[in-house]
Each structure stands twice: as C-alpha cells, then as structure tokens.
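Engineer: Mind having a look at this structure? Questions to follow.
The values are calculated or read from the model by the stated rules, or taken from the named source; none is laboratory data. Quantities reported herein were computed from a predicted structural model and do not represent experimental measurements. We place every Cβ from the backbone using ideal geometry, glycine too, and count neighbours over all the protein chains shown. For the accessible areas, the whole protein counts, side chains as well, though only heavy atoms, and no ligand, DNA or RNA atoms are used. Shrake-Rupley method; radii C 1.70, N 1.55, O 1.52, S 1.80 Å.
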Amino acid sequence: MKAVQVTAPGRMAYADVAAPASGPEALVRVETVGICGTDVKILSGAISISYPRVMGHEMVGEVVCGGATGVPAGQRVMIDPAVSCGSCPLCRQGRTNLCLRGGLLGRDADGVWAELVTAPAGRLLPVPEHLGSQAAAMVQVAGTCVHAQRAAATFPGDVAVVIGLGVSGLIFTQLLRAAGASVIGVTRSAFKRELATAFGAVATAAPDEAAAVIAEVTDGAGVDLAVEAVGTEATVGLAIESARVGGEVLVFGTVTGSGGGLPYYQLYFKELTVHNPRAAIADDYARAIELAAAGVLDLEPVVTDRIGLAEVDRAFERVQSPDSLKVLMPVG
C-alpha cells in the first residue's frame, strides 16, 4: 500500500510500505487526512523521532474489517491518535492524554497517512455519514479545542479574546460563541479576521490594536478569558495583559521558548488562573463530532486546500503560506 514516511529531517517520501496485517484490531481504509503543526515540526527535525516513520495523526476513514472490536464494516470512524498504556496512575484517572508511557501516532508510532491502518475498539469513534468529508476530517483538531475549553468554564455574558485566528483559534471562536460569550478575535491576517466575524466575533483587531479594542468592549476591565492560540511568548504575554483581574488565561499554543519576557507580575497582581491543556481524550473527540454533526461547529470554511496524498510536498508548501488555513489530503 501507499503511505507517506518521513525518512530524515526535511525528507519524506510517498512510498510503498507493507499493509497492516489483519487481526483483532479493526482494519480501516483511510479517506482523508490533515496536516498539523506537529507534523511540520516532525518533518523539520524539531521533534525527534525514529526513522522511517509513517506520518500523521488526523484522519477520517471507513472500517473494512472490524476484527474483534465489534465495529461493523462500513462504519465511518476517526481514530483517537493517543497511544496510552491504560494502567499508569494518569490512565486510571481517565487522563489518557497524559499517559506516562504514552505517545502519538505519527510521532511515537506509525501514523495514519496511509491507505490502511489498524486500531483497537477503544480508539475508534463513529462519525455520522451526513457530516461533510472536509468537516469529518477536522474533528480531531476540534476535539483538542473542546478538551482545552473544558478546562476554563465559560458562561453567557462573559467576554473572551482569542489571540491567533488559525484553525484552532477559529474553532475556539465558535465554541466560545456557542457557550454564550462575546468573542474578540486578534490576528494580523485580514481574511482571518473576516472569518472570525462570520463566526460571530463581536470585534476583531490586529495585535497592535488589541489592547484598545479590548478596553472598548470591556469598558477597560479586561476579558474574562484570554485564549492564546499561537504558541509564542509574545502572544502569551498579550493574553496575560488582556485578562481582567481574577480572570483566566488558556494557553493552547505550544510555547517552547525561554526568553523570560512574560509579564510575571501581572500573573500575581491579577491572581490569574492559567490553563495549559494538552491533546484530548476520547470523550472530547466524541463531543466535537456531536457539535459538528449538529451544526454548532462549522468546520468546512476553515479548510482552504485539498491536495492528494501523493502530492504531499505541495501540501506542505501550502501549509507555510499566509493565505492557508487547514490543508487536507484525500487518500487514494
């Protein structure tokens, strides 16, 4: 079968690999996969892996053979990409996303950018047939946003700012609106600000205008919840500055820098609660599927490109473009 492997930092190949053997796990024919920021870092070598590795962890597909899972052939599914042991203290608490011996498909084990993959019953989540193919391929990333927002309770009448209006930021905008919050979107990109407005944001701003717009919307008090969806120290700092006294900050972006430039005194002075969620659990994915199927989440407008898996090099070029949001790759 065909699959995309990363073979060395900066090098990948659309190649023939051995098909997975039939067994107790379900055999799934992959329909569509998505490119994530983690995939970009794996390809660049910024995330260390063993080579060669079949890439990817975002997918939707159809069960070909249920094996011993009890899932019928023909069932449309997504696969929870977290590999967990089920027996460590965190797994026993239901926090399988933090498994002490766990990993991620496409990073720590071969991933889903392939024609066929296998998965156990506990990692298969049914996806309704009426959900469009593009939206169905995005429920994995939506699930991580659901997981993150569950950490910070949002109520009708709250004001939230979403800093960074990429794929996750635009999903957060919709989730927060669905919870009854007024949302301010912040990004440099004019077309992304337009999308946020279409998704219900009450105001948008470029980063250098954010403080003034937030002050106007909140009468100078600051927001109840500041969501950082970029992953830089500068945007985390802006989130901290944007929050009201006693407010909350949700750091969704993965920040790896150590420049020491955060406004630490504001964390103390405002007595802020900071959340730093990671990945998701099966219940989060199930909720994301439910919200997408019900039309609460409109995921298709966030897709800018569909490029076949065989053209993976071109797909990665599009990911780097400023006019790109979600890049999906149909398989086969």
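Engineer: Please say if the range 102-144 is rounded, prolate or oblate, where rounded means a/c under 1.5 for a ≥ b ≥ c the square roots of the C-alpha gyration tensor eigenvalues, and otherwise the choice is prolate for a/b larger than b/c and oblate otherwise? Walk me through the numbers on the way to the answer.
Structural biologist: Details: a/c = 1.73, a/b = 1.66, b/c = 1.04.
Note, shape of the range 102-144 comes out prolate.
Engineer: Also: Can you give the Rg to Rh ratio for the range 182-287, taking only C-alpha atoms and Rh from Kirkwood?
Structural biologist: Values: Rg = 14.3 Å, Rh = 14.6 Å.
Ratio of gyration radius to Kirkwood radius: 0.98.
Engineer: Quick one: which of LYS2/LYS41; LYS41/LYS326; LYS2/LYS192 span more than 24 angstrom between C-alpha atoms? Show your work: numbers first, answer last.
Structural biologist: On the way: LYS2/LYS41 22 Å; LYS41/LYS326 16 Å; LYS2/LYS192 35 Å.
Among LYS2/LYS41; LYS41/LYS326; LYS2/LYS192, the Cα-Cα distance tops 24 Å for LYS2/LYS192.
Engineer: Then there is this: Counting heavy atoms of the protein chains only and a 1.4 Å probe, report the per residue accessible area for the chain as a whole number of Å².
Structural biologist: Details: 14150 Å² over 332 residues.
I get 43 Å² per residue for the chain.
Engineer: Output the Kirkwood hydrodynamic radius of the range 141-205, Cα pairs only, in Å rounded to one decimal. Working shown, then result.
Structural biologist: Numbers: mean 1/r = 0.0877 Å⁻¹.
Across the range 141-205, the inverse of the average 1/r is 11.4 Å.
Engineer: For a quick check of your reading of the filter: which trypsin sites (Lys or Arg not before Pro) in the range 268-308 sit in a DSSP loop and have no more than 16 other Cβ atoms within 10 Å?
Structural biologist: Working: sites: LYS270, ARG278, ARG287, ARG306; in loops: LYS270, ARG278.
Of the trypsin sites (Lys or Arg not before Pro), the ones in loops of the range 268-308 whose Cβ has at most 16 other Cβ atoms within 10 Å are ARG278.
Engineer: Between GLU290 and ASP16, what is the spin-label point distance in nm, taking each point 7 Å from the Cα along the Cα→C-beta axis?
Structural biologist: Taking the simple label geometry, GLU290 and ASP16 are separated by 4.6 nm.
Engineer: Next question. To the nearest 0.05, what FRET efficiency results for SER87 and GLU271 with a Förster distance of 45 Å applied to their C-beta separation? Walk me through the numbers on the way to the answer.
Structural biologist: Working: r = 38 Å, r/R0 = 0.84.
So the FRET efficiency works out to roughly 0.75.
Engineer: Still on this structure, please answer the following. Compute log10 of I(q)/I(0) for the range 31-164 with the Debye formula, placing one identical point scatterer on every Cα and leaving out solvent, at q = 0.13 Å⁻¹, to two decimals.
Structural biologist: Evaluating at q = 0.13 Å⁻¹ gives log10 I(q)/I(0) of -0.66.
Engineer: If r is the Cβ-Cβ distance from VAL64 to ALA221 and R0 is 45 Å, what FRET efficiency results, to the nearest 0.05? Before the final figure, lay out the partial values.
Structural biologist: Numbers: r = 55 Å, r/R0 = 1.23.
Efficiency, rounded to the nearest 0.05: 0.20.
Engineer: If you take the square roots of the eigenvalues of the alpha-carbon gyration tensor of the range 246-318 and sort them as a ≥ b ≥ c, do you get rounded (a/c under 1.5), prolate (a/b over b/c) or oblate? Display every interim value, and only then the final one.
Structural biologist: Details: a/c = 2.95, a/b = 1.56, b/c = 1.89.
Oblate.
Engineer: What size of dipole, in debye to the nearest 20, comes out for the chain about its Cα centre when the only charges are +1 on Lys and Arg C-beta atoms and -1 on Asp and Glu C-beta atoms?
Structural biologist: Numbers: 24 positive and 33 negative charges, 137 e Å.
Value, rounded to 20: 660 debye.
Engineer: Of all DSSP beta bridges in the chain, what percent run antiparallel (nearest 5)? Write down the numbers at each step before the final one.
Structural biologist: Working: 30 of 54 bridges.
So the antiparallel bridges in the chain amount to around 55 percent.
Engineer: Please say if the range 47-119 is rounded, prolate or oblate, where rounded means a/c under 1.5 for a ≥ b ≥ c the square roots of the C-alpha gyration tensor eigenvalues, and otherwise the choice is prolate for a/b larger than b/c and oblate otherwise?
Structural biologist: Oblate.
Engineer: A further question on this structure: Report the label-to-label distance for ARG101 and VAL202 in nanometres (one decimal), using points 7 Å from each Cα along the Cα→Cβ vector.
Structural biologist: 5.0 nm
Engineer: Counting only protein chains, not ligands or nucleic acids, how are LYS2, LYS192 ordered by accessible area (probe 1.4 Å), most first? Don't skip to the answer; put the middle values down first.
Structural biologist: Numbers: LYS2 65, LYS192 35 Å².
If we order LYS2, LYS192 from most to least accessible, we get LYS2, LYS192.
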